[in-house]
């Protein structure tokens, strides 16, 4: 089955198998692990994000998580909160984020893009852009822009079946977080609706907090895989190549966010992409070594 999207997304024929699944399958066949950087859309400069996304791909990113700025985050630590506040001050909202993805898609039709954020901006978008016959304007517009997956931190899996089905009908995946405190029941609930990959939060706390307990991650992943068949990415606390390589031995992907945001904070406009690319190249080389 092939779904043809309108708008900028019409340049990309989306298959029933999502771009995220295709990417993970390709990496698995190559014996490689996915590198997934996270950046906040509109940070550190309002217009730099599409260029930054391309630079991260050049540095070895396999999937890009693009944070949607929100005023009241619950999972983000001080570093990403600060980045979100700055982006909001620039006037960056969901409309602008989708425009950034469309711009990126003009010259990249292969790298999956995941929007990561909170329920409020999505539900407000649907209210403001409501159309007859369209169940979720956000889902339609995200698909048209070339988005491949959505991670809504405060959407519990037991309330997401309709949303997940709508996303899948538009060729997109719904991604969930799992934590060290997740029960077997919660993992089973996630397994029923999740696709693409699941994101294991490797520590109790917000992004960028605490030290990564590698032993605990190694013990948790087999338990997750008893219930979930999609690839498992690990994030929260991965800050360097050595840690990324160690985690990649047990995970299907490593996710890095706060460290990238910190590196970009004081960079001049013309060094943002270069800085991210160089950092990710170190991580990519370690994962492939």
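Just a few scattered comments:
- The label point for residue 288 and the one for residue 240, both projected 7 Å from the Cα toward the Cβ, are 2.3 nm apart.
- Near-label residues of the range 93-121 by backbone N, under 17 Å of a point 7 Å along Cα→Cβ of residue 127: 93-95, 118-121
- Residues 132, 47, 62, arranged from fewest to most other Cβ atoms within 10 angstrom of their Cβ, appear as 132, 47, 62.
- Contact order relative to length of the range 2-288, as percent, for alpha carbon pairs under 8 angstrom and 6 or more apart: 23
- Between residue 89 and residue 30, full extension at 0.36 nm per residue minus the direct alpha carbon distance yields a gain of 17.0 nm.
- Cα centroid separation - the range 135-155 against the range 35-97, whole Å: 16
- Note on the chain: with a GNM built from Cα contacts shorter than 10 Å, the maximum mean-square fluctuation among 142, 179, 219 falls on 219.
- In percent, rounded to a whole number, the relative contact order of the range 45-170 is 28, using alpha-carbon pairs under 8 Å and six or more apart.
- On full extension, the segment bounded by residue 72 and residue 262 gains 66.4 nm, given 0.36 nm per residue less the C-alpha separation.
Where a number appears in this text, it was derived from the coordinates with a stated rule and is not lab data. Computed from a predicted structure; not experimentally measured. Cβ coordinates were reconstructed from backbone atoms using ideal geometry, including for glycine residues, and neighbour counts include every protein chain displayed.
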